[in-house]
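The values are calculated or read from the model by the stated rules, or taken from the named source; none is laboratory data. Values in this document were obtained by computation on a predicted structure and should not be read as measured data. When we count neighbours, we look across all protein chains shown, and the Cβ atoms used for this are built from the backbone with ideal geometry, even at glycine.
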Amino acid sequence: MAESPVLDKSKEIVDDQTHGDRDYESKQMRRTKGWQVVSIPDNIRVKDDGSYIQLTNARHAKCVINVYRPGQRDEMHCHPGSEHIFMVFQGELHIYGLNEGEDIVLKPGQLVHINASYFYQLCNETDDVTVLYQVATKPAKPVKISRYSYRGPSGVDPTTLESA
């Protein structure tokens, strides 16, 4: 597959500098020993660089709202050892992968489940804001790099970044 110029603009292997709010406890309507209750609509914020708004945090997973301005896109990347589920809450999401058939547009109520260490790119190619509800699992074993940017077919295999 030919490398697209939009796949990687960072020139960094580690790209964990997602802008956003990680103060999940202040957003919770109720928290018990076993529950974390949050309102998605009450926590949507649109910023110039998009938004990453963490809602919950637990031993095996966390929940986040991702807000994409019109035209905003991620770079092609993966999360070694972490699965991600994105459900479109508002707007429309275009997802690209590296393999044939990995190009789809999701509407509200539709979701994608991305396997650990698998490359993807999220894009808002509309004139409206896109809001995603995200669940990210936490790796069973600590990983060396939690987000890896695509470097082309000769780049590092993300599965080799996982701890042994």
Problem - Selection count, the stretch 80-124, where residues are outside any loop (DSSP other than H, G, I, E, B) and either closer than 22 Å to H60 by Cβ or touching a residue at least 24 places away in the same chain (Cβ under 8 Å) (or both) - result: 19
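Quick grid of which residues meet (1) surrounded by 12 or more Cβ atoms within 10 Å (Cβ to Cβ); (2) closer than 17 Å to V67 by Cβ; (3) more than 16 Å from the chain's Cα centre (by Cα); (4) of a type in the set (S, T, N, Q):
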{"site": "E100", "(1), (2), (3), (4)": "no, no, yes, no"}
{"site": "L106", "(1), (2), (3), (4)": "yes, yes, no, no"}
{"site": "G109", "(1), (2), (3), (4)": "no, no, yes, no"}
{"site": "I114", "(1), (2), (3), (4)": "yes, no, no, no"}
{"site": "Y120", "(1), (2), (3), (4)": "yes, no, no, no"}
{"site": "C123", "(1), (2), (3), (4)": "yes, yes, no, no"}
{"site": "P142", "(1), (2), (3), (4)": "no, no, yes, no"}
{"site": "S146", "(1), (2), (3), (4)": "yes, no, no, yes"}
{"site": "Y150", "(1), (2), (3), (4)": "yes, no, no, no"}
Handout entry: Scope the stretch 126-164; condition part of a loop (DSSP other than H, G, I, E, B), in contact with an Asp or Glu (Cβ under 8 Å, 6 or more places away or on another chain) and at pLDDT 95 or above; matching residues
Key = T126, D128
Practice task
Answer yes or no as to whether Y68 is surrounded by 18 or more Cβ atoms within 10 Å (Cβ to Cβ), farther than 24 Å from P142 by Cα and modelled with pLDDT under 95.
Solution key: yes
Exercise for the section: Find the residue count for the stretch 58-73, including only residues that are farther than 29 Å from W35 by Cβ and not in a strand (DSSP E or B). Expected result: 4
